[in-house]
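Structure first, commentary second.
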Amino acid sequence: MSDGSKQGGPGHGDRPNRRVGSLIMFVRAAWEIAGSFFRVLSIAVLVMSLFGTMMLDSYGERHWLLGIFLYVPPLLWVLPVCSLLPFALVFCFRTGLLLLAFCVGYLFLFADYRMGGGAQQGEDDLTVTLLSNNVGNNARTTVDEFAALHRPDIFLFQEAQSARYYRKRYPDLERHHEGEFTVVTRFPILEAGALDQPRWGGVPIAARYVIQVAPGRRLVVYNVHFPTRRFLITGIDDWASVEAILGSTQGYARQVRAQNRDFFMEQIRMAEDLIERSRQETDPVVLMGDFNVPAQGYVYRQLRNAWTDGFAAVGEGFGYTCPGKTRNPLALFQPWLRIDHAFMSQKVRPLKVEVEPALRVAEHRADCHDLRDPLTGPRDDQIEIDANARDKTMEAQVKGGDGS
């Protein structure tokens, strides 16, 4: 009896231990399988996302499909990686760190998020403030509240109303209205007119102004409005567009592909022509307005390589300006495009950039740029010093002549 109990006792005690051991082995095996699964899936998604964003950023409008995808909310491209990130950090930590690094890089490099802070202004710096807004679909609202905070020296309006409207609205300021372009400024306008080239459908895409911002100092301002294909922003408008995206080359889908390809090629040409035209200026130059070009892609890179992007230099946040109001959940019900830009020559130094908050119903939010030293010639105080020195020299010459 005692011998049986001795033999049976250890057997009964080992059963729970074996069960716990089996459970631990099962959990380990399941954990390893989950780790392998999320590791492979995460790397595959990471490679595709990295390749896709690189293609969008560098190739962009040179392919019609990539050109369309540039107008998609940026969150869409990082969403698959963000969805996998928590699982990857739990089951395959090192791979999760790679996903996290991609998200951070995406935020600052592709989505173009800026920490901001602006540039430092010297006591002697002359500051010129420009405000730009496409007022075509402003739902009868104005930029007055935003302008009151910044007191712009120069207003640039695209898709503007008649000259009579701005004469009545700004009776004490200089104005020039031609076509859809209007400039309003407290400075004298020395030259004004629409550009002969580039054009879209025979219509100028920019107007040029030479503005005297101080005695002997001029600033050349281009008021820009690039064309757009509306459905690129609002969404696919018909089944033929969907078929074209899916690769169909038949019927109307083929025509849609050709129309989009031709549009983007023309957009590239217009940007190149505008860069070439503006580079002929000898005075400081600013190109500002509704470019309808997202802050990614080939066209934007061409403009940014030629000139300084004011927002990229001193902006804060994303700087999204369009659409002003949206119900798109992929954009978190906020604007998702920065298509209103200010590019400037090296003679112009951006000081501060602000985008209008969502206080009104409008398709475009206004953006305001403070620029310092956008000038040629000496400063006002230097002009006064030079004048005094010249007077003293002439006086000395007169005395010298009398003495002889």
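The values are calculated or read from the model by the stated rules, or taken from the named source; none is laboratory data. Everything quoted here is computed from the prediction, not taken from an experiment. Cβ sites come from the backbone with ideal geometry, for glycine too, and all protein chains shown count toward neighbours.
For the range 152-176, filtered to residues that are of a type in the set (Ser, Thr, Tyr) and not in a loop (DSSP other than H, G, I, E, B), the residue that is surrounded by the most Cβ atoms within 10 Å (Cβ to Cβ) is Tyr166.
With respect to Ile33, is the statement that it is loosely packed, with under 12 Cβ neighbours inside 10 Å and modelled with pLDDT of 90 or more true? When the stated conditions are applied, Ile33 passes them. Going residue by residue through the range 165-185, is there one that turns out to be out of contact with any strand residue (DSSP E or B) (no Cβ under 8 Å at 6 or more places or on another chain), aliphatic (A, V, I, L, M) and under 21 Å from Asp283 (Cα atoms)? Checking the range 165-185: not a single residue is out of contact with any strand residue (DSSP E or B) (no Cβ under 8 Å at 6 or more places or on another chain), aliphatic (A, V, I, L, M) and under 21 Å from Asp283 (Cα atoms).
Of all the residues in the range 305-343, those that are surrounded by 20 or more Cβ atoms within 10 Å (Cβ to Cβ) and not β-branched (Val, Ile, Thr) number 19.
Yes/no matrix, rows are residues, columns are (1) more than 30 Å from Gln161 (Cβ to Cβ); (2) without any contact (Cβ under 8 Å) to a residue 60 or more places away in the chain; (3) of a type in the set (A, V, I, L, M):
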{"site": "Met54", "(1), (2), (3)": "yes, yes, yes"}
{"site": "Asp57", "(1), (2), (3)": "yes, no, no"}
{"site": "Glu61", "(1), (2), (3)": "yes, no, no"}
{"site": "Trp64", "(1), (2), (3)": "yes, no, no"}
{"site": "Tyr71", "(1), (2), (3)": "no, no, no"}
{"site": "Val90", "(1), (2), (3)": "yes, yes, yes"}
{"site": "Val128", "(1), (2), (3)": "no, no, yes"}
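A single entry from Ser49, Ser36, Ser58 fulfils the requirement of being among the small types (Gly, Ala, Ser) and touching a Pro at 6+ places or on another chain (Cβ under 8 Å): Ser49.
In the range 212-219, is there at least one residue being within 16 Å of Phe291 (Cβ to Cβ) and touching a residue at least 60 places away in the same chain (Cβ under 8 Å)? Scanning the range 212-219, I find no residue that is within 16 Å of Phe291 (Cβ to Cβ) and touching a residue at least 60 places away in the same chain (Cβ under 8 Å), so the answer is no. The residue of the range 57-108 that is surrounded by the fewest Cβ atoms within 10 Å (Cβ to Cβ), among those that are within 19 Å of the chain's Cα centre (by Cα) and not in a helix (DSSP H, G or I), is Tyr59.
Listed by first and then second residue, the pairs with beta-carbon distance under 9 Å, at least 6 apart or on different chains, first residue in the range 321-332 and in a strand (DSSP E or B), second among the acidic types (Asp, Glu), are Cys322/Asp290; Cys322/Asp340; Cys322/Glu363.
Screening the candidates Leu50, Leu149 for the property of being out of contact with any Leu (no Cβ under 9 Å at 6 or more places or on another chain), in the same structural domain as Ala295 (by TED's automatic domain parsing), in a helix (DSSP H, G or I) and within 26 Å of Asp309 (Cα to Cα) yields one hit, Leu149.
The selection criterion, being in contact (Cβ under 8 Å) with a residue 40 or more places away in the chain and under 28 Å from Thr141 (Cα atoms), does not hold for Gly297. In the range 153-180, the residues that are within 19 Å of Val210 (Cβ to Cβ) form Cβ pairs under 9 Å with partners that are in a helix (DSSP H, G or I) and small (Gly, Ala, Ser), at six or more places apart or across chains, as follows: Phe155/Ala147; Arg175/Ala163; His176/Ala163; His177/Ala163; Glu178/Ala163.
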